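Participant: Let me give you the structure first, and then I'll get to my questions.
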Amino acid sequence: MIDAKDNVSLNARADETPMHGDTVPSKPVVLFLCDGKHGASLMAAAVMVNKASSFFDVHCAHTSSTMHTAQASKALIQFQLSTSGITPSPLAELRLTYVDYLVAMNPAAVQSGLPLPDYGKFVPWDVTEHSEAGLTPVLRTINQNINYFLSLYLFR
């Protein structure tokens, strides 16, 4: 039973384990998931890390066996964004069992039939629908969606 004198955060979730004896919950976990064709989850993770890494623990994964990262990295360099510290992983090898926000970058990301980690909120995006125009428009769409995401979930 929690007593009024206990130091417990009102935002703490039951499934969170305090770190190092603290009662402060860790940062919410965001997983960006794509099909791997365009590296959309890598681009989204780079944008989110650049904008809000102090508020979110950011991860990216893909449903294919490999992710095409060369073009995505080139698009990110145009906007001076780094992928340093971001490691895309195949969904089948993902070690996360729970994420607060599962962001599907395109419909194919969740139609693979692979098991997804448990999640608090599912956020469907389709950022690759105009990918034939190149990855710069995809990156702009990702940036707009992340701005909207942050306005909803961070500044509420």
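FYI, it's all coordinate maths here, none of it is from the lab. What you are looking at is a predicted structure, and each value in this text was computed from that prediction instead of being measured. Counting neighbours? That spans all protein chains shown, and the Cβs are built from the backbone with ideal geometry, glycine included.
Participant: Out of the range 36-49, which residues are assigned to a loop (DSSP other than H, G, I, E, B), more than 16 Å from L94 (Cα to Cα) and not basic (K, R)?
Facilitator: Once the filter is applied, which keeps residues that are assigned to a loop (DSSP other than H, G, I, E, B), more than 16 Å from L94 (Cα to Cα) and not basic (K, R), the range 36-49 yields H38, G39.
Participant: Which ranges mark the strands (runs of 3 or more DSSP E) fully within the range 50-156 that have 3 or more residues being surrounded by 15 or more Cβ atoms within 10 Å (Cβ to Cβ)?
Facilitator: 57-62, 98-104
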